[in-house]
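Input: a single structure, listed below in structure tokens.
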Amino acid sequence: MERDDEASGPMMEEMYTNGGEETSNRRPIISGEPLDIEAYAALYKGRTKIMRLLFIASHCGGNQTIQLEALRMAYDEIKKGENTQLLKDVVHKINGRLGDKYGMDSAWCETVERRAEQKKGKLENELSSYRTNLIKESIRMGYNDFGDFYYACGLLGDAFKNYVRTRDYCTTAKHIIHMCMNAILVSIEMGQFTHVTSYVNKAEQNPETLDPVVAAKLRCASGLAHLELKKYKLAARKFLEVNPELGNSYNEVIAPQDVATYGGLCALASFDRSELKQKVIDNINFRNFLELVPEVRELINDFYSSRYASCLEYLGSLKANLLLDIHLHDHVDSLYDQIRKKALIQYTLPFVSVDLSRMADAFKTSVSGLERELEALITDNQIQARIDSHNKILYARHADQRNATFQKVLHMGNEFDRDVRGMMLRANLLKHEYHARASRKL
């Protein structure tokens, strides 16, 4: 492998370790253990806890142990609430595999539904009274109570409508923010991320009234919306801006560990080296989140330090669990593909020639497979190089700086000559009063 003499010194020191030949005796923390469902579920509360457990049960690849454990925990969590339809769905999925204790509890369903009907009637009477008396604050609270009621029952569409109706009765900035936060919560549950973006923007119109926790929640919601739309760079920026004050205050939507994982992977896939250093590695606030997920912290450091073998190993160990994440699962392959491409580009950047056999070892792949990946990058003009398939060597195509400089000087000279001629022509036209004489003829 020949190194380019024009590459910078510090860059070369980092890139010299390309391939995973680590000189430091770092203690590995990679774990290939399956997801600890109980510990994972403990990070969340409310409806998102249930939906995440159900998602794991349906995407665990037929693993009966994980599936039944997730369904059991979801059943227990549902019984703490008022969503009878969700219980029926879970019982159908369990299909008697957990014994009679986790069967259909008709008595509980009847009790909850009867209590819900009574509560609904009471709320309707109260709201009717408030509207008759034209008390704006009471009407706002009435619609808000209806939204809470429908949300608890699992009727998300009705909950959203009632939360939004409070907008006409908001009298302070705090009321508007409260309405926006409720609308955002329900929109995330429904998967309507265009609504999420809209209400985040509305809440951020009064930044002076936002406390740090609410601001952090809005950034998390905005990050999720950008992630869903596959705008990974925008998503990374939002997650990286989340304040540590967030803590566990938004675990009805997202956990601090998710902020680190989503933000870290999106940053790796979309940031260049300088951004990765400045906005991720040197970001003191985000470092607090990364400490909660050591694997993500280490793979980011490995990627920046060009320890690709270790970085890819971390990514491989995390992939199975990331595919069980309700928000990230659709993006894992795309993010991993972009991270790998960036690693390949970064590996080849400072060298005049690269031995494909050594490079294949660094990326844990075959030489033929590596050739196909490099061919795609060369075709897309992401790597300026050519492949010697016989000797298995990649040769960089560096521009002729001397010729490029001469061409640039000639181009600038031609532009200067044209500008001077134009100015001289205009001066002569003015000198001979061409415009005035032409107008008199007309």
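The values are calculated or read from the model by the stated rules, or taken from the named source; none is laboratory data. Owing to the predicted nature of the structure, the values given are computational and were not obtained by experimental measurement. Positions of Cβ are backbone-derived with ideal geometry, glycine not excepted, and every protein chain shown enters the neighbour counts. Heavy atoms of the whole protein, side chains included, go into the accessibility calculation; ligands, DNA and RNA do not. Shrake-Rupley method; radii C 1.70, N 1.55, O 1.52, S 1.80 Å.
Inside segment 288-315, can you point out the residues that are without any contact (Cβ under 8 Å) to a residue 24 or more places away in the chain and not acidic (D, E)?
Once the filter is applied, which keeps residues that are without any contact (Cβ under 8 Å) to a residue 24 or more places away in the chain and not acidic (D, E), segment 288-315 yields only N301.
When you scan segment 129-144, how many residues do you find that are over 17 Å from Y163 (Cα atoms) and either under 37 Å from the mean Cα position of the chain (by Cα) or of a type outside the set (A, V, I, L, M, F, W, C) (or both)?
Qualifying residue count, segment 129-144: 3.
Identify, from the list L299, L324, L292, the residue that is outside any helix (DSSP H, G or I), surrounded by 22 or more Cβ atoms within 10 Å (Cβ to Cβ) and not polar (S, T, N, Q).
Every option except L324 fails the conditions.
Give R273, R358, R297, R307 a once-over and let me know the one that is farther than 17 Å from A235 by Cα, charged (D, E, K, R) and within 17 Å of the chain's Cα centre (by Cα). Break it down stepwise before answering.
Details: R273 fails: within 17 Å of the chain's Cα centre (by Cα); R358 fails: within 17 Å of the chain's Cα centre (by Cα); R307 fails: within 17 Å of the chain's Cα centre (by Cα).
The unique qualifying residue is R297.
For segment 255-282, give me each residue that is open to solvent by less than 30 Å² (accessible area, probe 1.4 Å) and outside any helix (DSSP H, G or I).
Hits for segment 255-282 are A255, F271.
Can we say Y336 is part of a helix (DSSP H, G or I), aromatic (F, W, Y), touching a helix residue (DSSP H, G or I) at 6+ places or on another chain (Cβ under 9 Å) and buried (at least 20 other Cβ atoms within 10 Å of the Cβ)? Show your work before the answer.
Working: part of a helix (DSSP H, G or I): yes; aromatic (F, W, Y): yes; touching a helix residue (DSSP H, G or I) at 6+ places or on another chain (Cβ under 9 Å): yes; buried (at least 20 other Cβ atoms within 10 Å of the Cβ): no.
So Y336 does not fit the description; no.
Give the residue, chosen from G9, G19, G99, G46, that is out of contact with any helix residue (DSSP H, G or I) (no Cβ under 7 Å at 6 or more places or on another chain) and either surrounded by 14 or more Cβ atoms within 10 Å (Cβ to Cβ) or modelled with pLDDT of 90 or more (or both).
G46
Somewhere in segment 280-300, is a residue of a type in the set (A, V, I, L, M, F, W, C) and within 22 Å of K202 (Cα to Cα)?
no
Being of a type in the set (D, E, K, R) and over 25 Å from A39 (Cα atoms): is that true of E245 here?
No.
Filter segment 365-394 down to residues that are over 23 Å from D272 (Cα atoms), open to solvent by 50 Å² or more (accessible area, probe 1.4 Å) and not small (G, A, S), then give me how many there are.
Summing the residues that are over 23 Å from D272 (Cα atoms), open to solvent by 50 Å² or more (accessible area, probe 1.4 Å) and not small (G, A, S) in segment 365-394 gives 5.
Quick check on segment 27-35. Is at least one of its residues closer than 24 Å to E295 by Cβ, surrounded by 14 or more Cβ atoms within 10 Å (Cβ to Cβ) and modelled with pLDDT under 90?
Among the residues of segment 27-35, at least one is closer than 24 Å to E295 by Cβ, surrounded by 14 or more Cβ atoms within 10 Å (Cβ to Cβ) and modelled with pLDDT under 90, which makes the answer yes.
Determine whether I66 is open to solvent by less than 20 Å² (accessible area, probe 1.4 Å) and in contact with a Leu (Cβ under 8 Å, 6 or more places away or on another chain).
No: the conditions fail for I66.
Can N125 be described as among the polar types (S, T, N, Q), without any contact (Cβ under 8 Å) to a residue 12 or more places away in the chain and either in contact with a helix residue (DSSP H, G or I) (Cβ under 9 Å, 6 or more places away or on another chain) or open to solvent by 100 Å² or more (accessible area, probe 1.4 Å) (or both)? Walk me through it before giving the result.
Numbers: among the polar types (S, T, N, Q): yes; without any contact (Cβ under 8 Å) to a residue 12 or more places away in the chain: yes; either in contact with a helix residue (DSSP H, G or I) (Cβ under 9 Å, 6 or more places away or on another chain) or open to solvent by 100 Å² or more (accessible area, probe 1.4 Å) (or both): yes.
For N125, the condition - among the polar types (S, T, N, Q), without any contact (Cβ under 8 Å) to a residue 12 or more places away in the chain and either in contact with a helix residue (DSSP H, G or I) (Cβ under 9 Å, 6 or more places away or on another chain) or open to solvent by 100 Å² or more (accessible area, probe 1.4 Å) (or both) - is met.
Taking segment 78-88, which residues are open to solvent by 30 Å² or more (accessible area, probe 1.4 Å), in contact (Cβ under 8 Å) with a residue 24 or more places away in the chain and in a helix (DSSP H, G or I)?
Q85
Looking at segment 245-274, which of its residues are closer than 21 Å to P294 by Cα and among the β-branched types (V, I, T)?
Within segment 245-274, I254, V259, T261 qualify.
What are the residues in segment 167-188 that are modelled with pLDDT of 90 or more and among the polar types (S, T, N, Q), if any?
Passing the criteria: N182, S187.
Quick check, is M73 under 28 Å from R97 (Cα atoms) and at pLDDT 50 or above?
Working: under 28 Å from R97 (Cα atoms): yes; at pLDDT 50 or above: yes.
When the stated conditions are applied, M73 passes them.
Sort out which residues of segment 351-374 are touching a strand residue (DSSP E or B) at 6+ places or on another chain (Cβ under 7 Å) and in a helix (DSSP H, G or I), and write them in order of number. Even if it seems obvious, please write down each step before you answer.
The first filter runs over segment 351-374 and keeps only residues touching a strand residue (DSSP E or B) at 6+ places or on another chain (Cβ under 7 Å), leaving 351-356, 371, 374.
Matches in segment 351-374: L356, E371, L374.
Would you mention how many residues in segment 375-398 are farther than 14 Å from Y347 by Cα and part of a loop (DSSP other than H, G, I, E, B)?
8
How do the pairs read when you match residues in segment 258-287 that are at pLDDT 90 or above with residues anywhere that are polar (S, T, N, Q), using Cβ under 6 Å and keeping only pairs 6 or more apart or on different chains?
A269/Q338
In contact (Cβ under 8 Å) with a residue 12 or more places away in the chain and open to solvent by 60 Å² or more (accessible area, probe 1.4 Å): does that describe R131?
Taking the combined requirement at face value, the residue does not satisfy it.
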